[in-house]
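In what follows, a single structure is set out as C-alpha cells and then discussed.
We did not get these values from a lab; they are worked out from the coordinates using the rules stated. Because the structure is predicted, anything quoted here is derived from the model rather than measured. Every residue, glycine as well, gets a Cβ built from its backbone with ideal geometry; the counts of neighbours run over all protein chains shown.
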Ligand SMILES: [Fe+2]
C-alpha cells in the first residue's frame, strides 16, 4: 500500500501548497483519491508532477462538504467522468454537475477488500467520515479535517474494521493535548497535516517523537 499526499497546506519543493487536503492511495489493488484539495489547479499540478494518473481511479472519498476538501474534485470530474465519490449526505448536486457520481454514505461501509468508511459522524453542523485501510502493520486511517474529533473518527474506524490502529494521517483540527494523548494510546504512528495546527505538531514532537511522522504535499507513505 502507498499513500501520496497530493495537496496540503505545506508542500515539498517543486509542488504547490494551498489551504486544503488530498491524498492518493493505492491499496489492495484499488486506486483511491481521498479528498481533492481546494482548487483544480493545485490538484492537477501536483498530481502531474508526482506522476499520478487520476483518470485511472477506482473511486474517491469525500470526508466532508467543505471547499478545501472538495474544490479539486472539479478537476477529477474532467479526467475521470462518472467516478464514484463516497460522500457524507447533503448537497451532492455540485459533484454531479462536475461529472462525478456521488454516493451518499449514511452508515459504516466496507467499500472494498480491506477498505472501510466510518460513515458520517457529526461535528457540530458538519458530517464527516474517515477511510480505513488494512495493512500488515495494522489499520491506516485517513481523516479530512476531523470536525467530529480525530479520536472519535479513529475509534469508529477501529469499530468498523475490527482492527487495531497503526497510523492516522490527515487534518486533526487543532486537537487538545488530551485528544493527542488518546490518539497516541491508540496508534503507533501519527501524521498530522492540513488543519492540525502548529501547537499539536509541537506537542507531538516533544511528547511522542517516536510516533510522529511529518507529511506534506509530495510525501509518500508506504506500508506492507
Ligand atoms: Fe479542512
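Figures for the structure shown
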{"read-out": "Contour minus Cα-Cα distance for residue 10 and residue 224 (0.36 nm per residue)", "value": "74.4 nm"}
{"read-out": "Inter-label distance, nm, simple model (7 Å from Cα along the C-beta direction), residue 58/residue 136", "value": "1.9"}
{"read-out": "Inter-part distance where the range 58-93 and the range 125-164 are each reduced to a Cα centre, Å", "value": "19"}
{"read-out": "Exposure proxy ranking, count of Cβ atoms within 10 Å, fewest first, for 136, 207, 155", "value": "136, 207, 155"}
{"read-out": "Cβ-based exposure ranking for 87, 134, in which fewest neighbours within 10 Å come first", "value": "134, 87"}
{"read-out": "Gap separating the Cα centres of the range 190-214 and the range 1-29, nearest whole Å", "value": "17"}
{"read-out": "Shape box of the range 2-222 [Cα atoms, principal axes, largest first, Å]", "value": "45, 39, 35"}
{"read-out": "Net lengthening on full extension, residue 164/residue 94 (0.36 nm per residue, minus Cα-Cα)", "value": "21.6 nm"}
{"read-out": "Estimated FRET transfer efficiency when R0 is 22 angstrom, pair residue 188-residue 26 (beta carbons, to 0.05)", "value": "0.55"}
{"read-out": "Potential extension, residue 107-residue 208 segment - 0.36 nm per residue separation minus Cα distance", "value": "33.1 nm"}
{"read-out": "Residue exposure sequence - 213, 191 - by fewest surrounding Cβ within 10 Å", "value": "213, 191"}
